[in-house]
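Below: the structure, in structure tokens.
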Amino acid sequence: MPKCHSRIPIRLLMAEPQSTKLSGRSAVTVLIMDKVTVKVMSHSCKMADITDQGVSPCSVVMFLSDMSGREPLYKKAFVFFSSPIPKELVNHIKSDTSVVPRIGALREMNLEYFPIDNQAFITDHDRALEELFGDVENPRKFEACLNVMATRLATVFASLKELPFVWFRTAKALDDSPTSTFRDLVPTKLAAAVWNSISMYKSTIPNFPQTETCELLILGRSVDQIAPVIHEWTYDAMCHDLLDMEGNKYTYEVPSKTGGQTERKEALMEDRDPIWLELRHAHIADASERLHEKMTNFVSKNKAAQIQQSGRDGSELSTRDLQKMVQALPQYTEQVEKISLHVEIAGKINRIIRETGLRELGQLEQDLVFGDAGAKDVINFLRTKQNETPENKLRLLMIYASVYPEKFVGDRGLKLMQLARLSREDMKVVNNMQLIGGSSDDKKTTGSFSLKFNTQKTKQATRKDRSNEEETWQLFRFYPMVEELIENLSKGELPKNEFSCINEASPTVQGDSQRATQRAPVGQASAPYSMRSKRTANWAQTRHSDDGYCSDSILRIASTDFKKMGRRIFVFIIGGATRSELRVCHKLTTKLRREVVLGSSSIDDPPQYITKLKLLSERDLSMDSLKI
């Protein structure tokens, strides 16, 4: 397990795979010192045993049964609650006089979230879209989901001891329909609930800051409905989009050492893999080139590889050469396996791209987003690419609907569905985009579908090329809307008519920030200085390494000193975040010189997101009964 930095408590949970669910995580964790054991108390408890307050009475009862009596199971116990514990349960523990002397610690840790990256976390709400934006209003599920999400999000700031300015996207003009009201108010309600929880920490957590130290921006998935479905061309996104990965786990086959059948092996694409750390946010073509260079450099520099190469050339190996080979062989084998694995993955991705003609589709997607393509281009693609997969055609139509919502009014959507040869079930996904985006403002339209998310006239393009950034690689123009919003938040330029702050800064604080901006040296991005500056971070940075393996090169370089950086920026997206949004957070951390942390109810790859959208209008189905 990697070294745990004190300023990143989310590291404490990094041992769990991304796919781990809350039902398998403890509300009470007990560290038994004399047997050096970590005991998870609630493994035998059902999810129903976890109360809204977060701690399961079942866990406490099990703990007391282990530690009470004349012969306890352990001599000493250190008890840490990952969520707040009700006073009734604390009193229940204290009432057992045989247990109290055996307790070495009894503390609340406030760790109700799951890290999926050094710079990202989730609250583990896979059904957030269904329960908060679904077509069937269920007030009980709505409130329960929102309250638990708020509690878990608040524990991020409790564990980091950060007090945020809480920004949120305000509700648009509401009509008289109650079903539109509860959807449009989701970010507003979550922001209020989060602030209520965080406010209590000021008086209940020792040394918790009393003035704001960071910024939190809460958004709904409606802020960008293109990012979850457009093909993102980075190595990370392509791995999760095109390969059959389970979370961060990649399964592959290698030749058997005994000469028999191939053996199945598993590899985790995570921060402890230096090659992954370096290439994950690189364009797939760039990643492929770098991997080729790594293999070439490795063969030219590694002693064992050189000797093996000379042996292949027909020259006789000396005893000294053999000795050097044996000495270098273990490291050589490990390095070759790491590089070869990524060469295999990149090769597999490139092969899929070629065989499916994905570049042409990707070009059309980005041209639509940037206003370089229109209806004729989409219709021509659907007519000439009849063999394209239903999923890719559906994703194209979802992008088309976001850019040209008027093309789906009345029977136009039905005609597009027929042209694309998609089923009515598939087209439900496009229709359900309206639920996330809010109600239609066209009240004159009855009985027909409209995807008008706001009262502004939709332009031909939903993105503008970023003039100050030149991309070397094709199909790398796209950026999620979160990028612009984070930059505007950092500059204090969020539109006042679209965003509000529950605890907005006073004029004095704003004036200090403006004076700091004026003092900033020319050419450097200004950043409000954080009150909590004693910290270091291990965020992923794009670095180059000749061997592509040595942890002393990549992992040490990636550990950057953030003491002089500004206030943290937290962005929380309700309804699922994307790989492109995660990439942007890493990118802006370097650009803005402020740590940007992404949070969400879940991290969704395109197939997962499409399945969740379909469930928004399903009355009898649930994600629990579907395998995504």
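The values are calculated or read from the model by the stated rules, or taken from the named source; none is laboratory data. Source: prediction; values computed, not measured. When we count neighbours, we look across all protein chains shown, and the Cβ atoms used for this are built from the backbone with ideal geometry, even at glycine. Ligands, DNA and RNA are excluded from the accessible area calculation, which covers all protein heavy atoms including side chains. Shrake-Rupley method; radii C 1.70, N 1.55, O 1.52, S 1.80 Å.
Odds and ends about this structure:
- Across the range 70-94, the number of residues qualifying as over 17 Å from residue 111 (Cβ atoms) and either open to solvent by 40 Å² or more (accessible area, probe 1.4 Å) or at pLDDT 85 or above (or both) comes to 15.
- Residues of the range 164-175 classified as crowded, with 22+ Cβ neighbours inside 10 Å and of a type in the set (A, V, I, L, M), total: 1
- Any chance residue 179 is over 19 Å from residue 584 (Cα atoms) and either small (Gly, Ala, Ser) or at pLDDT below 90 (or both): yes
- Listed by position, the strands (runs of 3 or more DSSP E) contained in the range 95-172 that have at least 1 residues being over 26 Å from residue 78 (Cβ atoms) are 114-117, 120-122, 164-169.
- Within the range 238-274, tally of residues that are touching a Ser or Thr at 6+ places or on another chain (Cβ under 9 Å) and closer than 25 Å to residue 604 by Cβ: 10
- Screening the range 581-618 for residues that are acidic (Asp, Glu) and over 20 Å from residue 190 (Cβ atoms) and picking the one that is farthest from the chain's Cα centre (by Cα) gives 618.
- Residue that is surrounded by fewer than 20 Cβ atoms within 10 Å (Cβ to Cβ) and in contact (Cβ under 8 Å) with a residue 40 or more places away in the chain, where the choices are 391, 355: 391
- Of all residues in the range 197-234, those being touching a helix residue (DSSP H, G or I) at 6+ places or on another chain (Cβ under 8 Å), within 18 Å of residue 83 (Cβ to Cβ) and either modelled with pLDDT of 95 or more or in a helix (DSSP H, G or I) (or both) number 3.
- Condition check for residue 289: acidic (Asp, Glu), open to solvent by 30 Å² or more (accessible area, probe 1.4 Å) and out of contact with any helix residue (DSSP H, G or I) (no Cβ under 9 Å at 6 or more places or on another chain): yes
- Restricting the range 188-209 to residues that are in contact (Cβ under 8 Å) with a residue 24 or more places away in the chain and among the aliphatic types (A, V, I, L, M), the residue that is farthest from residue 142 (Cα to Cα): 205
- Pair list, Cβ under 7 Å, 6 or more apart: the range 491-512 residue farther than 16 Å from residue 191 by Cα and open to solvent by less than 70 Å² (accessible area, probe 1.4 Å), other residue outside any loop (DSSP other than H, G, I, E, B) and at pLDDT below 95: 492/513
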